[in-house]
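Worksheet: one structure, shown below.
The values are calculated or read from the model by the stated rules, or taken from the named source; none is laboratory data. Because the structure is a prediction, the values reported are computed rather than measured. Here the Cβ positions follow ideal geometry from the backbone for every residue, glycine too, while neighbour counts run over all protein chains shown.
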């Protein structure tokens, strides 16, 4: 028999969700069978799969050892001796990190373990803010992601409650995200709204835009405004009204102003004189605009967080001030 005492970070979730993480090799059908047979109990009693765990609950598992995951290799965060993080904001619930261009947020198909989430977990572990042995199913997690070559603010939840709230708020579009980018040419008009349908091609890892809805396409809306212009380049602020893959990159290219350094939606001919090989795009501003109750995160409502030292702005528009 194994038992877990539910901490704050594991509380609030359904019992079946907890079991999927705590006993990853237990099939769903067997889980429900063992709940009926009272081989899985909470506080010594038969419990439904939909029961929401509370802090202090005792989950008792009368299961064979074969259902428990064998000890894994040391997690990636344990191999990081000195976390490399630029922290924009941190409190007991969340951490806002300024991701550097070139870093991946999660391990990709290449198995890169030098990820943003690994550095965040290493930082929280080494600072004592998170003990992986203290929570059976929760680990600090990212609430949003940005491309490898895009820099900017990424949200990490330090508690399970914060993760659930922020996932809901992002789904309901109650977070306002603004990006800075440098584009080739001059957007016409200088500010406006780009709205069409975007379809993702998984094989090519690229998106296509369509004026009318086609199978597999989703609405994509970007509001932009030109902040400065110099030479053949323009500094543009974009607000994501929807959050689709490569949305800003594809939208700006669609109006004849591809991002500087973007070889996927722009051209090498345009980028070659500048020597840039990654898109000049930065998630520089985040505002929490909660329309519904945000529970433990209500104190964040109306707050804005900004990265002011964006590298490509300093390089190409040194006189511009955010």
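For this structure, a couple of remarks:
- The listed residue being at pLDDT 90 or above, touching a helix residue (DSSP H, G or I) at 6+ places or on another chain (Cβ under 8 Å) and either surrounded by 14 or more Cβ atoms within 10 Å (Cβ to Cβ) or outside any strand (DSSP E or B) (or both), out of 16, 9: 16
- Whichever residue in region 159-191 is without any contact (Cβ under 8 Å) to a residue 40 or more places away in the chain and closer than 23 Å to residue 261 by Cα and, among such residues, is farthest from the chain's Cα centre (by Cα): 189
- Residue match in region 143-156 (condition: in a helix (DSSP H, G or I) and out of contact with any strand residue (DSSP E or B) (no Cβ under 9 Å at 6 or more places or on another chain)): no
- Checked against (1) surrounded by fewer than 16 Cβ atoms within 10 Å (Cβ to Cβ); (2) free of Cβ contacts under 8 Å to residues at least 60 places away in the same chain; (3) in contact with a strand residue (DSSP E or B) (Cβ under 9 Å, 6 or more places away or on another chain), residue 318 passes all but condition (3).
- Enumeration of residues in region 165-205 that are closer than 26 Å to residue 309 by Cα and in a loop (DSSP other than H, G, I, E, B): 174, 185, 186, 187, 190
- Count - residues of region 231-253 that are in contact (Cβ under 8 Å) with a residue 60 or more places away in the chain and closer than 15 Å to residue 280 by Cα: 6
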